[in-house]
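One structure is given here, and the rest of the page talks about it.
Readers should treat all values here as calculations from the given coordinates under stated rules, not as data from a laboratory. These numbers come from a predicted model, not from an experiment. All Cβ positions, even for glycine, are placed from backbone atoms using ideal geometry, and neighbour counts span all protein chains on display.
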């Protein structure tokens, strides 16, 4: 081995030693950072602060339920109505399909469908409706006041819109909220979110 | 050999004739493909149907009415996201430019079926008539997919249209 090649080899060794040290330091930082910060989960976006709060409603089995009954579970909450042919089935199907893709993590999540149309959506109507999505989505109704109060907690705007033939639709905010086990909104999704993407985001949040 | 060629020739002519017939059958250049609806969950009597409409003609045409024997009324609706609020509003008509197609789909323009006489069940199909200003009535068979489905299986192109008799 010539002197030149020995020098080259030494440089190579130095290069790898420095690289290795840097790499190890980086790795240590990556591992340590979440521990130092205290959590590996992203904080909910500021826009969600103050969203999510107490509610008292009637479930599809006729039982009175409150937010406290679900404490310790993550919730997926969607407000809609059963006469809504487009946006609501889209959202509920996305929820059902996303939960199917989640595996064991789905046990941590209770999906809720809160009607904005209590006049037509009785507990029995809701029970038949949610069953069609072949998931454990729980339908919630209540008095007009109870529903308005729950909607307010989630900043859901809604308004009856007569369709001319004595019938009506309901204009409403169409968002799926993910609520943490303490009852605060953690994320929200459009009703058009693809089930794969929703499942991935849910897995990251609750996993 | 000549016989075989003659037969092939006859078959080819036949194929051309039926293709010409099929194109004619789409009604003055309008073709409706891939008509599908969502199964209705529970007792709900309101459903939604979707389709792709292709204008092969040289002039714009307008979809002006929809009807189906399964519903008391069928309306064309659009979804509008207005300040975060989903609003569904009737559309008077839907214009399809020549050489273009438009897709009725969830979250966009759709056909709302009101006063359903029976629930729409996954796997079933039902007739629906789309009436165009120029092309006239085009009858399609609508396949029922699951509740909340976002589309029909893509290989299913065979339910193209034929004019209403």
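Taking the average, over residues, of other Cβ atoms within 10 Å as the packing measure, peptides A:131-143, B:76-88 rank A:131-143, B:76-88 from highest down. Taking the fewest neighbouring Cβ atoms within 10 Å as the starting point, the ordered list for B:114, B:128 is B:114, B:128. Remark: mean inter-chain Cβ contacts per residue of A:186-192 equal 2, using a 10 Å Cβ-Cβ cutoff to other protein chain atoms.
Within 10 Å of the Cβ of each residue in B:43-52, the mean number of Cβ atoms contributed by other protein chains is 4. Computed from the C-beta positions of residue B:103 and residue A:144 and an R0 of 41 Å, the FRET efficiency is 0.60 to the nearest 0.05.
Between the beta carbons of residue A:61 and residue B:131, assuming R0 = 30 Å, the FRET efficiency works out to 0.10 to the nearest 0.05. Given R₀ = 30 Å, FRET efficiency for residue B:117-residue A:160 by Cβ-Cβ distance, to 0.05? After rounding to 0.05, the efficiency reads 0.75.
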